[in-house]
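Shown next, in structure tokens, is the structure this report addresses.
The values are calculated or read from the model by the stated rules, or taken from the named source; none is laboratory data. Keep in mind that this is a model prediction, so the values were computed, not measured. Please note: Cβ atoms are built from the backbone with ideal geometry, for glycine as well, and neighbour counts cover all protein chains shown.
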Amino acid sequence: MKDVIGLVNCFPDPELGGLTSNRTLASTSFLGRYAFMDVAMSNFSNSGIDNIGVMVKNHQRSILKHMGNMSSWVNNTKTGKVTILTNENGVLYPAYNTDLNALKENDYILYNSQASALVFASPHIVATVDYGPILDEHWARDESVTVLYKKVNDADTNFLGGYCFEVSPDGYVEKVTINKGKSKTANVSLESWIMNRVVLAKIVEESKKHDLGMTIGDYLRYAVKNKTMKIHAYEYHGYLRNFNSLKNYIRYSFELLEPNVASTLFRSDWPIFTLTHNTPPALYGPHSSITNSFVSNGCQIDGSVSNSVICRNVVVGEGSKLNRCIVLSGVRIGENVKLSDVVIDKYAIITPRHTIEGDEENPIYLKQGAIL
């Protein structure tokens, strides 16, 4: 789709505790070999959207490191490309470091491109979205803005703090609220919007009159409340999880160890692309045991791993036992170590005969480069 630009919006950037202290959630490890932004970018690529922008709020270094030459998510490198969009003024004025202000700083997308529509997706909302039919409906109805939502029955415990929509029978948003967990059933937002380029340019200019700290979501909520814009709502059916906390990061990662859940996200007709590292396959020693786990390439496993996610180039020593652990790249675990309900950040070293035990409600986090 030459006339569509996909924008990975990293500005709604939830904190995952220590995991996001020096990286953005978008570039945080997801299931061993991916980063969260890979899902959004792959949705664009699989939908035929090869012009992609990544709107960076902070930790630009971690995003650039993950993206490499930026071609992994583009099907046609002759017509498509991936661009980093930063808001340099946001460094000086953090309170105004919003997605709308980032668009002001990169207004060539609005005024110099030939795109008829721009599609926004937030990395912490993990879903399998085919934007092709949604864009077809958007254009067929001659809409200015289309938002995506899903009707869920667990809004009292999940998607807290996100947007919820009340939708009219003819498919328009009548009210936008913030989910405070008061109702089990709700139409929760995917924080994915489709906007006509000319309309978005007007929104960027109009927002200056209201609040310089306004986000795109804030403006849409204002527009619905004041009836200044009709916003079409598209109901999504499929896998949807909001990785907006460390608790949910752990919970939903382990949930994807279940084949019936994983099959709704990882589909043969909908690949998730990522940067390749050309590392060798995992090496399993003669006394190793692996049960219900994701183990990435480059690992050397001589111990026991169960119900866990192990990222690239991790070493697990003989006699060590890991259960319900998430271990990021480059970690070294010595012999006869016992770990349960632990999240270990990159390059940590755990020397032999240590025992670290958390529980499902109180997991333990070990920071990057920690040595025990």
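For the stretch 207-233, give me each residue that is among the charged types (D, E, K, R) and surrounded by fewer than 17 Cβ atoms within 10 Å (Cβ to Cβ).
First pass over the stretch 207-233, keeping only residues among the charged types (D, E, K, R): 208-209, 211, 218, 221, 225, 227, 230.
Once the filter is applied, which keeps residues that are among the charged types (D, E, K, R) and surrounded by fewer than 17 Cβ atoms within 10 Å (Cβ to Cβ), the stretch 207-233 yields Lys208, Lys209, Asp211, Lys225, Lys227, Lys230.
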Handout entry: In the stretch 39-88, residue modelled with the highest pLDDT [restricted to those that are under 14 Å from Thr28 (Cα atoms) and among the small types (Gly, Ala, Ser)]
Key = Ala40
Practice task
Output yes when any residue across the stretch 253-270 is assigned to a helix (DSSP H, G or I) and among the β-branched types (Val, Ile, Thr), and no when none is.
Solution key: yes
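Residues that are of a type outside the set (Gly, Ala, Ser) and touching a helix residue (DSSP H, G or I) at 6+ places or on another chain (Cβ under 9 Å): list the helices (runs of 4 or more DSSP H) wholly contained in the stretch 115-233 that include at least 3 such residues.
197-207, 216-225
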Problem - Boolean, Tyr111 is of a type in the set (Phe, Trp, Tyr) and surrounded by fewer than 19 Cβ atoms within 10 Å (Cβ to Cβ) - result: yes
Practice task
Report, by residue number, each residue of the stretch 181-206 that is free of Cβ contacts under 8 Å to residues at least 40 places away in the same chain, surrounded by fewer than 22 Cβ atoms within 10 Å (Cβ to Cβ) and among the hydrophobic types (A, V, I, L, M, F, W, C).
Solution key: Val198
Exercise for the section: Give Val176, Val261, Val224 a once-over and let me know the one that is in the same structural domain as Ala40 (by TED's automatic domain parsing) and over 30 Å from Asp142 (Cβ atoms). Expected result: Val261
Handout entry: Any strands (runs of 3 or more DSSP E) falling wholly within the stretch 290-372 and containing at least 3 residues that are of a type outside the set (S, T, N, Q)
Key = 342-344, 364-366
